[in-house]
Amino acid sequence: MNSEPSTLSTAYRTHTCGALRPEQIGAHVALAGWVQNWRDHGGVVFVDLRDRHGLTQVVFNPEIAPDSHRLAHTVRSEFVLRIEGEVIPRPEGTVNPSLPTGEIEVSVNRAEILNAAKTPPFMVDELGEVAENLRLQYRYLDLRRQPMQQTLIFRHRLTTLVRAFLDQWGFLDLETPMLTKSTPEGARDYLVPSRTHPGHFFALPQSPQLFKQLFMVAGFDRYFQITRCFRDEDLRADRQPEFTQIDMEMSFVEPEDIYRLIEEMMAGIFKKLMDIELPRPFARLTYTEAMDRCGLDAPDIRFDLPLVDLGGVFADTEFKVFRGVLDTGGIIKGLNLKGGARLSRKEIDDLLEVVKVYGARGLAWIKVSAEGWQSPIVKFFSDDESRALGERMGAVPGDLLLFVADKAAIANEALGRLRVHLAKMTGLIDEEAFSFCWVTDFPLLEYDAGERRHVAIHHPFTAPRDEDVALLESDPGDVRAKAYDLVLNGIEVGGGSIRIHRREVQEKMFSLLNIGDEEAREKFGFLLDALEYGAPPHGGIAFGLDRLVMLLQRLDSIRDVIAFPKTQKATCLLTGAPSTVQARQLRDLGIKPA
RNA sequence: GGGGGCGUAGUUAAGUUGGUUAUAACGCCGGCCUGUCACGCCGGAGGCCGCGAGUUCGAGUCUCGUCGCUCCCGCCA
C-alpha cells in the first residue's frame with residue numbers, strides 16, 4: 001500500500017511527486033507540481049513533474065487523451081501543472097533506476113496548467129554554479145533548487161529534533177521580546193525608533209540573555225528558545241546581521257550539567273540525522289591549554305601540530321629581535337612542520353603573508369636537514385640555544401621549524417592560524433571528521449588598552465569561579481570564569497556560562513567594567529533588582545544554529561543555510577531592503593530626514 | 001575604515017603582445033520526431049563586454065574613477 005501519509009493529499013492531488021511505487025499500479029491518481037523537464041517526441045510527450053518530495057514521469061499519449069496531449073506541447077520549464085491519470089508500469093527496458101519513482105509512470109487522462117512561468121533567469125533543475133547575486137535576487141527560484149531544499153529540510157529536521165529533545169529534558173519553549181532595551185557592551189545594536197516616545201529607541205536583541213535569566217528568577221527552571229538575534233556589525237562568510245540561536249538556560253546547575261546535556265543533544269542530532277556515533281565524552285581543554293597548544297580559543301583538534309613555547313630556550317638570548325620581544329613582555333613560539341623542509345623559499349614567503357594578516361611582523365624559519373640547519377637566523381643563536389631549540393621542538397632532518405616572536409596575542413593568533421593553514425595545505429585534516437571539544441575556564445575579564453578598562457570576555461553576567469572570587473579585587477585579569485565554548489572543527493558553535501546570581505557580585509562586576517552605579521542602575525537596574533528576589537544559581541548556553549547547520553552540511557557560507565540572507569553589505573537583493581521611507585513615516589517618529 | 005578577487009549573450013565560461021563581423025556549451029524560439037529520461041535531428045534569435053572617464057589610429061583587453069557581488073583584517077560582550 002501507499003506509504004505516504006494521506007495528510008499530504010489535497011483538493012489538487014492524491015499523492016506527491018515522490019510517492020508513487022509499483023504498489024499503486026492501476027490506481028487513478030492526481031499530481032500537482034512543477035515542470036522539471038519535458039521531452040516531446042511529436043507523438044508521445046514525457047513530462048518530469050517535480051515537487052519537494054520527488055519527481056514523477058507523466059506521459060501524454062495522443063491516443064489516450066488528445067486534448068491533454070495538445071496541452072502538453074505548450075508546457076515549458078517551471079510551469080505549474082496538475083494532472084490526473086493512471087499509474088502504469090513502465091514498459092520493459094524503460095525503467096529508470098536512478099529515480100525512486102522510476103518503475104512507474106502516470107498515463108495522463110486530464111491535465112491543467114495551474115500557472116505558466118517565464119523562462120527562469122537560471123536553470124532550476126541543474127546544479128551548476130550560478131552567480132550568488134542572481135540567486136539572491138531570485139531567491140524563490142534558488143530555493144526551488146535541490147541543494148537549498150535539502151539544506152533547509154535538514155535545518156527543519158535539526159530544530160525539530162532539538163525541540164523534542166529539550167522538551168523531553170523538561171525545557172519550556174518561552175518567548176522573549178524582540179523590542180527591547182539597548183545596553184552597553186557587546187555588539188552595535190539595531191535600533192527601532194519609538195513613535196510614542198519621540199527620541200527614544202528600542203533595540204533588537206543581540207541575544208535573549210537577560211530575559212532568560214529572569215525566567216530562571218521566575219522559577220521556570222529550564223528554558224529554551226530557537227530565536228533570532230541581531231548584531232549590527234560587518235558580515236563574514238559565517239556571520240549575518242540576523243541569525244538564529246538555540247538558546248537555553250537552567251537553574252541549579254554547574255558546568256558539568258551543561259556538558260552532559262549538550263553532549264547528549266549533539267549525539268542525538270548526529271545519530272538521528274547523519275547516522276554518526278559521536279565519541280563521548282567530548283574532549284576538554286582549558287582556555288590556557290587551548291592558547292598554549294593551538295594559539296586560538298577555538299582549537300581545531302582534528303590534527304596534531306602543537307605550538308611550542310620557546311621562552312625558556314631563549315631566556316638569555318642575545319639575538320636582538322628575540323631579546324627585544326622577551327624584554328617587552330612578548331613571547332616566542334614555534335611549530336614543527338614535519339616534512340616541511342621540502343617547501344621552497346617562495347612557499348615559505350607565502351606563509352609569511354599568512355601571519356602578516358594577523359599582525360605578525362615576521363616569520364622565522366629553519367629547515368632541518370642531515371647536513372645541518374638552513375635558516376636566516378640560526379647564526380644569531382648560541383650553540384646551547386640551537387641544541388635546546390632542536391630538542392624542545394623534536395627537530396629531525398626533513399622538518400621545517402617556524403617561529404613568531406611578538407606580543408602574546410599576536411604571536412598566538414598568527415601561529416594558531418598558521419597551524420590551521422599548514423594542516424589544510426599538507427592534508428593533515430580529515431575532512432570527513434567532526435571533532436568536538438569544550439573550551440573551559442575562560443578568563444572573566446580582559447584589559448582593553450584602547451578603552452583603558454577591563455571588558456568582559458563572555459558577557460558581564462558570567463560568574464567567576466568560586467576559588468577566584470577573592471582575586472576580583474587584587475588581580476581581576478587573573479580571574480577565571482565559569483564560561484565554556486563548544487568548538488567543532490576549530491569553529492565556535494556555542495558558548496555559555498554559569499551566571500552571577502547575587503546582586504553584590506553583579507555590582508562588583510559592573511564596577512570592574514567601569515560601569516558606574518548610576519549607569520548600572522539605569523541600564524541593568526531591573527536585573528539587579530531581580531537578583532534580590534530569590535534568584536537561583538543558574539546558567540546556560542546558546543548555539544549558532546546557522547553556523548551549526550553550515551558545518552554539518554559541510555557548506556562554506558552561512559548564506560547557504562538561511563532562506564533569505566543579506567549580502568555582505570547587509571542588504572537584501574530580493575526586497576531591496578534597506579530602503580528609504582516616506583517623509584510621513586519619519587515625521588511620525590520624530591526623525592528628521594537625513 | 002583597510003587589503004585582495006570577480007563582473008563578457010538568459011546562464012556558465014573562453015577571448016592571445018591592444019587589431020577584421022566578440023566564441024562555445026547549456027538555455028530560449030521555430031520545425032521534425034510515438035518510449036524518452038542530459039531525448040535526438042534541422043534551423044534561428046539573442047551582446048551598453050557592469051557603468052563613466054582617459055590613453056591610443058584603434059580598448060572586452062591598458063590606466064583612473066565608480067557601482068555591485070565576494071573573501072579577509074578591523075569590528076562581532
Which pairs turn up if I take residues in segment A:369-388 that are free of Cβ contacts under 8 Å to residues at least 60 places away in the same chain and look for partners that are in a loop (DSSP other than H, G, I, E, B) with beta carbon separation below 8 Å, at least 6 apart in sequence or on another chain?
A:Ser369/A:Pro397; A:Ser369/A:Gly398; A:Ala370/A:Pro397; A:Ile377/A:Phe319
Tell me, yes or no, whether segment A:54-68 has at least one residue that is near RNA strand B (Cβ under 8 Å from one of its atoms), in contact with a strand residue (DSSP E or B) (Cβ under 9 Å, 6 or more places away or on another chain) and among the hydroxyl-bearing types (Ser, Thr, Tyr).
no
Report those strands (runs of 3 or more DSSP E) wholly inside segment A:367-469 carrying at least 1 residues which are within 21 Å of A:Gly329 (Cβ to Cβ) and within 16 Å of RNA strand B (Cβ to nearest atom).
A:400-406, A:445-448, A:453-456
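Residues to consider are A:Thr180, A:Thr227; find the one that is hydroxyl-bearing (Ser, Thr, Tyr) and under 24 Å from the mean Cα position of the chain (by Cα). Step through it out loud before you land on a result.
Numbers: A:Thr180 fails: under 24 Å from the mean Cα position of the chain (by Cα).
Answer to the selection: A:Thr227.
In this structure, does A:Leu134 turn out to be loosely packed, with under 15 Cβ neighbours inside 10 Å and within 12 Å of RNA strand B (Cβ to nearest atom)?
Details: loosely packed, with under 15 Cβ neighbours inside 10 Å: yes; within 12 Å of RNA strand B (Cβ to nearest atom): yes.
Judged against the criteria, A:Leu134 is a match.
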All-but-one check, A:Pro306 against (1) in a helix (DSSP H, G or I); (2) more than 30 Å from A:Leu174 (Cβ to Cβ), failing number (1)
If I filter segment A:545-556 for residues that are touching a residue at least 60 places away in the same chain (Cβ under 8 Å), touching a helix residue (DSSP H, G or I) at 6+ places or on another chain (Cβ under 6 Å), more than 19 Å from A:His156 (Cα to Cα) and surrounded by 14 or more Cβ atoms within 10 Å (Cβ to Cβ), do I get at least one hit?
no
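To keep it simple, each residue is scored yes or no on (1) buried (at least 17 other Cβ atoms within 10 Å of the Cβ); (2) part of a loop (DSSP other than H, G, I, E, B).
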residue: A:Ile301; (1), (2): yes, yes
residue: A:Gly334; (1), (2): yes, no
residue: A:Ala341; (1), (2): yes, no
residue: A:Glu347; (1), (2): no, no
residue: A:Leu351; (1), (2): yes, no
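A quick yes/no check of all residues on (1) modelled with pLDDT of 95 or more; (2) out of contact with any Pro (no Cβ under 7 Å at 6 or more places or on another chain):
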| position | (1), (2) |
| --- | --- |
| A:Ile541 | yes, yes |
| A:Leu545 | yes, yes |
| A:Leu551 | yes, yes |
| A:Ser557 | yes, yes |
| A:Pro565 | yes, yes |
| A:Gln568 | yes, yes |
| A:Arg584 | no, yes |
| A:Ile591 | no, no |
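Kindly establish whether A:Ala483 is under 23 Å from the mean Cα position of the chain (by Cα) and either surrounded by 17 or more Cβ atoms within 10 Å (Cβ to Cβ) or under 24 Å from A:Gln206 (Cβ atoms) (or both).
Values: under 23 Å from the mean Cα position of the chain (by Cα): yes; either surrounded by 17 or more Cβ atoms within 10 Å (Cβ to Cβ) or under 24 Å from A:Gln206 (Cβ atoms) (or both): yes.
Criteria met by A:Ala483.
Results for (1) crowded, with 20+ Cβ neighbours inside 10 Å; (2) touching a strand residue (DSSP E or B) at 6+ places or on another chain (Cβ under 9 Å), shown as yes or no for each residue.
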{"residue": "A:Leu191", "(1), (2)": "no, yes"}
{"residue": "A:Phe202", "(1), (2)": "no, yes"}
{"residue": "A:Tyr223", "(1), (2)": "yes, yes"}
{"residue": "A:Arg236", "(1), (2)": "no, no"}
{"residue": "A:Phe252", "(1), (2)": "no, yes"}
{"residue": "A:Leu261", "(1), (2)": "yes, yes"}
Scanning for something within 22 Å of A:Arg39 (Cβ to Cβ), modelled with pLDDT under 95 and within 9 Å of RNA strand B (Cβ to nearest atom), does segment A:100-116 turn up at least one residue?
no
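The values are calculated or read from the model by the stated rules, or taken from the named source; none is laboratory data. Given the structure is predicted, the values throughout are model-derived calculations rather than measurements. Note that we place each Cβ from the backbone using ideal geometry, even for glycine, and neighbour counts take in every protein chain shown.
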